[in-house]
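The structure appears below as structure tokens.
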Amino acid sequence: MNNLNTQADSINPTINDRNSNTQVNPLSNDAVTVIVKNLQFAENENLIEIMNDIIHKLGQSVAKNVKIAAVTRLNPRFHGKPGLVKMSLENTDQKILILHNKHKLKTDENYKTVFIQGAKSRIERLIENNTRAILRELPQGNQFRLTGNGRILRKTQNNEDSEVDVPIKHS
């Protein structure tokens with residue numbers, strides 16, 4: 001029996017059957033995970049050190065309150081583009097703190113092209129992709145856009161020719 005448990009642990013290291021406690025991979029919990037896009041790849045990179053540097057760029061209050069639970073770089077989907085970095089935090093408050101302060105990366109020369117967003121489940125991504133596909137096929141679909149939280153808003157032009165979003169009125 002111990003031999004079987006040892007073999008099972010070697011096949012799936014995230015599950016510990018000996019104590020009947022299930023250990024979940026922290027990177028699979030979307031409630032505490034963020035995605036970092038466009039972070040350049042370097043040979044022998046230390047992702048934890050890089051992510052801590054990014055967290056320090058978000059401000060002192062963020063740096064002292066955020067602790068990284070796990071971090072990994074995903075395989076690149078497109079040739080010539082770096083793979084996404086998936087970072088798991090200890091709790092949702094830390095995730096919210098990072099997402100509220102992510103705009104501060106725009107002022108840093110090294111990370112101005114790096115984007116941070118909350119992780120989404122496969123189902124959420126599929127729903128968003130389907131919604132975008134439907135909007136593209138509608139005759140006036142280009143007049144609408146999908147926001148980060150899933151709302152569909154109408155685009156309007158003001159005097160300066162910049163986009164202003166107006167919620168759709170239900171009749």
Can you give me the distance in nm between label points at residue 96 and residue 44, each placed 7 Å from the Cα along the Cα-to-Cβ direction? 4.2
For 82-92, 114-124, ranked highest to lowest by mean beta-carbon neighbours within 10 Å, the order is 82-92, 114-124
Violations at 24 Å Cα threshold for listed pairs 81/155; 104/155; 37/155; 37/102; 95/155; 81/102 -> 81/155; 104/155; 37/155; 95/155
Expressed as a whole number of Å, what is the distance separating the alpha-carbon centroids of the range 50-83 and the range 127-153? 29
Quick one: length gained pulling residue 138 to residue 65 fully straight, 0.36 nm per residue minus the C-alpha distance? 21.7 nm
For the range 78-95, just list the computed ³J(HN,Hα) in residue order, Karplus coefficients 6.51, -1.76 and 1.60, θ = phi - 60°, integers in Hz, with x standing in for Gly and Pro. 10, 5, x, 10, x, x, 5, 10, 10, 10, 9, 10, 6, 8, 5, 4, 5, 4
Percent of accessible area on the range 81-137 owned by carbon and sulfur, 1.4 Å probe? 52
Using 0.36 nm times the number of residues separating residue 56 and residue 110, minus their current alpha carbon distance, what extension gain do you get? 18.2 nm
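In the neighborhood of residue 69, defined by Cβ-to-Cβ distances under 12 Å, what is the net charge if each Lys or Arg adds +1 and each Asp or Glu adds -1?
Taking every Cβ under 12 Å from that of residue 69, the sum is +2.
The values are calculated or read from the model by the stated rules, or taken from the named source; none is laboratory data. The model shown is predicted, which means the values in this text are computed figures rather than measured ones. Note that we place each Cβ from the backbone using ideal geometry, even for glycine, and neighbour counts take in every protein chain shown. These area figures cover heavy atoms from the full protein model, side chains too; ligands, DNA and RNA do not enter into them. Shrake-Rupley method; radii C 1.70, N 1.55, O 1.52, S 1.80 Å.
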